[in-house]
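See below for the structure under consideration.
The values are calculated or read from the model by the stated rules, or taken from the named source; none is laboratory data. Note that this is a predicted model, so its numbers are computed, not measured. For neighbour counting, all protein chains shown are included, and Cβ atoms are generated from backbone atoms with ideal geometry for every residue, glycine included. For accessibility, only protein heavy atoms count, side chains too; no ligands or nucleic acids. Shrake-Rupley method; radii C 1.70, N 1.55, O 1.52, S 1.80 Å.
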Amino acid sequence: MFSNRYIGIFPLIFVLSGCETTSEKPTPQTVITAQPSSVISQQSEAIEQVAPLAPQTLDDVWQRIRVQLSFANSSHPDVQQRIAWYLSHPNYMDEISRRAEPYLYYIVNEVEKRGLPIELALMPLIESDFDASAYSHKHASGLWQLTPAIAKHFKVHISPWYDGRQDVIDSTRAALDFMEYLYLRFDGDWYHTVAAYNLGEGRVLRAIRNNKKQGKPTDFFSLKLPKQTSQYVPKLLAAAQLLKSQKMAFPVIPNKNAIAVVPVSGSVILDNKDKWQQLESLNNGVIRFPAIIDAPHIVVPIDKQAAFKSMLASQKSNDFSQWQHYTIQSGDSLSVIAKRYAISVNQLKAFNNLTSNRIRAGSKLILPILADQEIEHKVKSGESLWKIAKHYKVSINKLKQWNNLSSDHLKIGEKLTVFLSNS
């Protein structure tokens, strides 16, 4: 089912933080099997009656998930307790469906393409309540609550302007890559896989080894795990069982694509507030406005794809030297720098992807304001792009970008714009 490209790629133990729950005791075979066992109550019979329909032909994405659910129903007290919690909060799924609507079809497609259990499409519900901007105290972020270490390992782009963990495309790819790796690491046990996604593979492996040494069973429900993780798998199982049994309403989400991906070439500055407001809700990875779209793509509503392609094509590609750079001096603090430049500490932290207030002398900050020195240079006889670039200590490419030049040829008297930033 999966390629072997993930075997042995994790010499270190990575830890992900997210929601967690308690679980019961299925065998690995029960967890992985695609067909419900005969023990699974009459709820399964309803599924089998619907199952002959191709999932892609159904009108509702939740039902598309429902007819493909394969994990066994669980009577474990922790699962039943979570089911009771869901049922006592009948409006919970209304908010979940509202948040999930732009993303769920895409996520389900990606899970299906890889042949993974459809239950994994429900994990953003457990991780982030389908909040793409969610950020945990352990620095996990986005729908899938990826940590910086996991994101970096699976090549999610993070810069002062963009956090791919909050982008549905980048984060879904990385999360599913990670789960494929864990599935192989845990010999095809999906409960162990899901627990390790939440807690980190090392701690789950140690719990398994400890049980083996003591002659105890090693299924998920028999492991001694932190409370958060011991509740994590039951949360997933409870949501799946409620969807399967239809004992709780999951408001309809149309079974059709709601978003499109528009590639971005270069780092585009978008400072049109109206245009940005149309993009903001689907592009949480673009950190703030004015938007530096230092991203491989933007996500747009499917019905506005052509308009946004045209908009991006009309934007000039820029680089970060148009924005002020500041070298931290001894005695500086974020509050001192922010006050000096009449900006907020939060703006400084957001633009520089800082998670604390600690800074070091000699490090550089990018300030969320345009470079204060915008020079107009009049070309003189004998000057070239090379000479002008050397004089201002900038690159030729920057000069060409700033002035929309397609060649190196200059005319005497021509005016060039040069942006200088503090260094």
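Worth pointing out:
- Members of the range 114-125 that are of a type in the set (A, V, I, L, M, F, W, C) and either within 16 Å of GLU101 (Cα to Cα) or within 11 Å of the chain's Cα centre (by Cα) (or both): ALA121, LEU122, MET123, LEU125
- Cβ-Cβ under 8 Å pairs, at least 6 apart or on other chains, the range 318-331 side more than 21 Å from ALA295 (Cβ to Cβ), far side open to solvent by 30 Å² or more (accessible area, probe 1.4 Å) and at pLDDT below 55: GLN324/ASP372; GLN324/ASN422; TYR326/ASN422; THR327/ASN422; THR327/SER423
- Restricting ALA121, ALA84, ALA149, ALA51 to residues that are surrounded by fewer than 18 Cβ atoms within 10 Å (Cβ to Cβ) and at pLDDT 95 or above narrows the list to ALA84.
- Residues being open to solvent by 10 Å² or more (accessible area, probe 1.4 Å) and at positive phi - total across the range 200-240: 1
- Among the residues of the range 164-199, those identified as touching a helix residue (DSSP H, G or I) at 6+ places or on another chain (Cβ under 7 Å), buried (at least 17 other Cβ atoms within 10 Å of the Cβ) and outside any helix (DSSP H, G or I) are PHE186, ASP189.
- Residue count, the range 215-233 (criterion: out of contact with any Cys (no Cβ under 9 Å at 6 or more places or on another chain), in a helix (DSSP H, G or I) and not basic (Lys, Arg)): 6
- Search result, residues across the range 400-413 that are at pLDDT 80 or above and surrounded by 14 or more Cβ atoms within 10 Å (Cβ to Cβ): LEU410
- Wholly enclosed strands (runs of 3 or more DSSP E) of the range 295-386 bearing at least 3 residues at pLDDT 85 or above and open to solvent by less than 90 Å² (accessible area, probe 1.4 Å): 297-301
- For the criterion of being free of Cβ contacts under 8 Å to residues at least 60 places away in the same chain, open to solvent by 10 Å² or more (accessible area, probe 1.4 Å) and in contact with a Lys or Arg (Cβ under 8 Å, 6 or more places away or on another chain), PHE154 passes.
- Residues of the range 387-396 that are open to solvent by 60 Å² or more (accessible area, probe 1.4 Å) and more than 12 Å from LEU410 (Cβ to Cβ): LYS390, HIS391, LYS393.
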